[in-house]
Amino acid sequence: MLLTEKTLSSKEIFNGKILHITHDEVALPDGSRAMREVVRHPGGVCVAALDKDNNLLFVRQFRYPYAEVVLELPAGKLEPGATPLENGKRELLEETGAVGYSYITLGQVYPTPGYTDEIIHLYACRIREQGESRPDEGEFLNVEKIPLDKAVEMVLNNRVVDAKTQIAVLKIALLLQSGKI
């Protein structure tokens, strides 16, 4: 069965600093029409950085939409003119003060495919050196080191609720366990 929808028209209804929202009319596989509201996002990157003792670097920061402090791996939105990996290295340095090496890709995730085109690129690395964090203006966070085994337990016990962080933690744990990194 054909599953593809074809865009018939698209109207921008919001154009913000990060997000753009469109209201699209589409043709469905059976020929009928439907409306789609789509959040356009530049994409993001997330880095699981391990030290020599297999501790992961995390950041805690207030996330306004949830009105709570969230524990996450270092991450950020993609900036134009840089590759996802270059963005990841920048975010790791800014948010944690760490410089990584031996980067590997952990793939990409579509966080909410029902209404946004955001793609988050996941990476893992080892930490070469660590200094002081240099967050962006208006960004406030605390850096924490958490042993990988404890981080996996926290994911499984829902003490880490951020989706990209859950995925990256579990992927790096499985890759280490299987000897692939």
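No value in this document is a laboratory result; all are computed from the given coordinates. Just so it is clear, the structure is predicted and the values come from calculations on it, not from any experiment. Cβ: placed from backbone, ideal geometry, glycine included. Neighbour counts: every protein chain shown.
Observations, loosely collected:
- Peptide ranges 95-101, 106-112 listed from the most packed, as the mean C-beta count within 10 angstrom indicates: 95-101, 106-112
- Helix-derived mean residue ellipticity, 222 nm - over the chain, DSSP H n ≥ 4, -39500 (n - 2.57), to 500: -6500 deg cm²/dmol
- For the pair the stretch 152-167 and the stretch 106-147, the centres of their Cα atoms are 14 angstrom apart.
- Straight-line reach from K145: taking Cα to Cα under 25 Å and skipping same-chain neighbours fewer than 8 places apart, the lysines in range are K52, K77, K89, K164, K171, K180.
- Relative contact order of the chain, defined on C-alpha pairs under 8 angstrom at six or more residues apart (%): 22 percent
- Listed residues Y101, Y115, G44: farthest to the positive end of the dipole of the chain (Cβ charges): Y101
- Only helices reaching 15 angstrom along their own axis (Cα) with mean Kyte-Doolittle hydropathy no lower than 1.0 count here, and for the DSSP H runs of the chain these are 163-177.
- Counting charges near V39 (Lys, Arg +1; Asp, Glu -1) among other residues having Cβ under 9 Å from its Cβ returns a value of -2.
- Calculated log₁₀ intensity ratio I(q)/I(0) where the Debye formula runs over C-alpha points of the chain, q = 0.11, 0.17 Å⁻¹: -0.55, -1.06
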